[in-house]
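The values are calculated or read from the model by the stated rules, or taken from the named source; none is laboratory data. Predicted model only: the values in this text are computed from it and were never measured. All Cβ positions, even for glycine, are placed from backbone atoms using ideal geometry, and neighbour counts span all protein chains on display.
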Amino acid sequence: DSTRRDEKPRNVCQGSANMNSYEDFDLNRTAGCFSKCTHSQEELCHLGNLQRYWLNFETYLVERSQMDTLNTSFLTALVKSINTSVSEDLYFSLTPSQVPKQMTKDEHQHPDRVRLPKSLFGSLKSSRPMVRLGIVVLDIGPGNVFKGSLLSREDGSSVLNNRMVALTLGHIKVTKLAEPLEITFSHQYQPPNMNLSCEFWDATKGPSGDWSSKGCSTEVGVRRTVCRCDHL
Amino acid sequence: TFFALLLRPTLDEATVKALIHISQAGCGTSMIFLAFTIVLYTVLRFSRQRFKSEDAPKIHVSLSISLFLLNLAFFINVGQRLKGSDAACWARGAIFHYFLLCAFTWMSLEAFHLYLLVIKVFNTYFSHYFLKLSLVGWVLPALIVIGTGIANSYGPYSIRDEKNVTTLELCWFREKIALYVTVHGYCLIVFLFSAAVLSLVSWKIFTLSSATAGKEKGQHWKGVLTLLGLSCLVGLPWGLALLTSLGPFTAYVFALFTSLQGVFIFCWFIILYCPSQSTVTSSSGTARVDHAHTVSQE
């Protein structure tokens, strides 16, 4: 009885339980932390564990998941086997609340999209004929998860639409691309004093990861911004 | 790899410095003119009977006093930065907050008085009217400051530039939530109330002037100028704070208009109370209603 009294309720936002379980139930419960983990509830959350959970989810998708698509209120995903001998660049739509979809050449001007250059796949041709590509669009909500040093800036810095786009190719480390991959984010008109910066989540930066612009360039437009990065 | 587009609102160092200079010059000028207003009222109160009984000039002067003390607190706070003990910093934050809330409250009381004069007009007599206004104007902010102080929300506050370098440090709020509720929220309520009253007043001014026979050339512009004067009185320029995220231009306009509020109030006071009664009656819609209010109170 005394042991039972001392047992604390399991708090999923501490991220210690079910860290590698990606059943619908676990995904939903862990996604609840995006809104639960706020400045006032900081002590209930372990940002490092939570962030790692979602980073590992990419690997799980391309290596172990049997699903081709996933569509929830907080996450949409597409997993597709790609022939490394593709003769053209590949385009995928990233429309919010829709599962990413491969686009034909005529649909290249889709407002939110990703372009993967054919040279990216060409470099893998010699080692494997096919490769699994995972594309995830994740809504990280208004809380503290995946905000990194933005939280300490106190100047209203934010992640555009709280939306992150994850790209995974097999379980391959893709760096120093000759031709960068391209992600286009559409947005409302931004005031002139708003600085827009394309960044990726660097898990090795800071105590529990942080945003970094290394290897990425930003081409700011009035209603859409193009991000080019030389790595995955 | 997760990618995202990060947004960061920025003010470069040069803009921050320019805004600080504008604020300091504007607040300094305001303080001088607010002091003129207070002295002028004191002189007029001893020399003219109407200043003892009329409430409108008393409210203008109360607003002037609160703005004068707010500017003084601003100068001390910005000048001292984070010097002194934690307790001194706490006190400076609390005093600055108190006079800011007093100024906001008196602006809303100006709007309330304007509502009684122009919109309600009849049955506007309240016993000990100015005493009740004073209680709201000086005691309500004190209660909020005491509550905020008990929650230990005052402390060092940093303003950073685009390179995350601190450009200004002062004793203000260390708790963001308290700042949003007791400053931003309070300011928003005052702004919305003042804007609503001013909209009704402008409707009255323009419908009245078009309904009366005196469709003189320039009447329209007099109405516009009256509204501009009233806008400063009820603190409408503070609403520009909502637009400062649109870019540095609106930040400059905000700094200029809010810091010069004392100058505008002085001009308003002079136009209303210094010329002869007949000139005012024929040239200002507000002065006409002012007169009507005095009669209704009697």
Number of the condition not met by residue A:163 [criteria: (1) within 7 Å of chain B (Cβ to nearest Cβ); (2) surrounded by fewer than 14 Cβ atoms within 10 Å (Cβ to Cβ)] = (2)
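For the subset of region B:126-166 comprising residues that are of a type in the set (S, T, N, Q) and in contact with an Asp or Glu (Cβ under 7 Å, 6 or more places away or on another chain), which member is modelled with the lowest pLDDT? Working first, answer last.
So the first thing to find is which residues in region B:126-166 are of a type in the set (S, T, N, Q), and the list is B:127, B:134, B:148, B:152-153, B:158, B:164, B:166.
Subset that is in contact with an Asp or Glu (Cβ under 7 Å, 6 or more places away or on another chain): B:153, B:158.
Details: B:153: 90, B:158: 76.
Here the residue is B:158.
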Take the residues in region A:192-201 that are free of Cβ contacts under 8 Å to residues at least 40 places away in the same chain and assigned to a strand (DSSP E or B), then tell me which one is farthest from the chain's Cα centre (by Cα).
-> A:194
Of the listed residues (B:114, B:63, B:72), the one being surrounded by fewer than 20 Cβ atoms within 10 Å (Cβ to Cβ), within 18 Å of the chain's Cα centre (by Cα), at pLDDT 90 or above and part of a helix (DSSP H, G or I) is B:72
Checking residue A:127 against (1) at pLDDT 90 or above; (2) over 25 Å from residue A:199 (Cβ atoms), the condition it does not meet | (1)
Among A:208, A:197, the single one that is at pLDDT below 95 and more than 7 Å from every other protein chain (Cβ to nearest Cβ) is A:208
Is one or more of the residues making up region A:216-224 among the basic types (Lys, Arg) and assigned to a strand (DSSP E or B)?
-> yes
When only residues in region B:1-54 that are in a helix (DSSP H, G or I) and within 14 Å of chain A (Cβ to nearest Cβ) count, which is nearest to the chain's Cα centre (by Cα)?
-> B:19
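The rows are residues; the columns are (1) under 16 Å from residue A:94 (Cα atoms); (2) without any contact (Cβ under 8 Å) to a residue 60 or more places away in the chain.
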position: A:144; (1), (2): no, no
position: A:178; (1), (2): no, yes
position: A:190; (1), (2): no, yes
position: A:203; (1), (2): no, no
position: A:209; (1), (2): no, no
position: A:213; (1), (2): no, yes
position: A:217; (1), (2): no, yes
position: A:226; (1), (2): yes, yes
Those residues that are within 11 Å of another protein chain (Cβ to nearest Cβ), surrounded by fewer than 18 Cβ atoms within 10 Å (Cβ to Cβ), charged (D, E, K, R) and assigned to a loop (DSSP other than H, G, I, E, B), I need them from region A:118-154; list them, please.
-> A:154
So is residue B:157 within 14 Å of another protein chain (Cβ to nearest Cβ) and in contact with a helix residue (DSSP H, G or I) (Cβ under 9 Å, 6 or more places away or on another chain) or not?
-> yes
Of all residues in region A:41-59 being away from chain B (no Cβ under 14 Å) and either outside any helix (DSSP H, G or I) or in contact with a strand residue (DSSP E or B) (Cβ under 9 Å, 6 or more places away or on another chain) (or both), the one that is surrounded by the most Cβ atoms within 10 Å (Cβ to Cβ) | A:45
When (1) at pLDDT below 80; (2) surrounded by 14 or more Cβ atoms within 10 Å (Cβ to Cβ) are applied to residue B:210, the one that fails is (2)
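Yes/no per residue for (1) touching a residue at least 40 places away in the same chain (Cβ under 8 Å); (2) small (Gly, Ala, Ser):
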position: A:61; (1), (2): yes, no
position: A:74; (1), (2): yes, no
position: A:85; (1), (2): yes, yes
position: A:88; (1), (2): no, no
position: A:93; (1), (2): no, yes
position: A:101; (1), (2): no, no
position: A:104; (1), (2): no, no
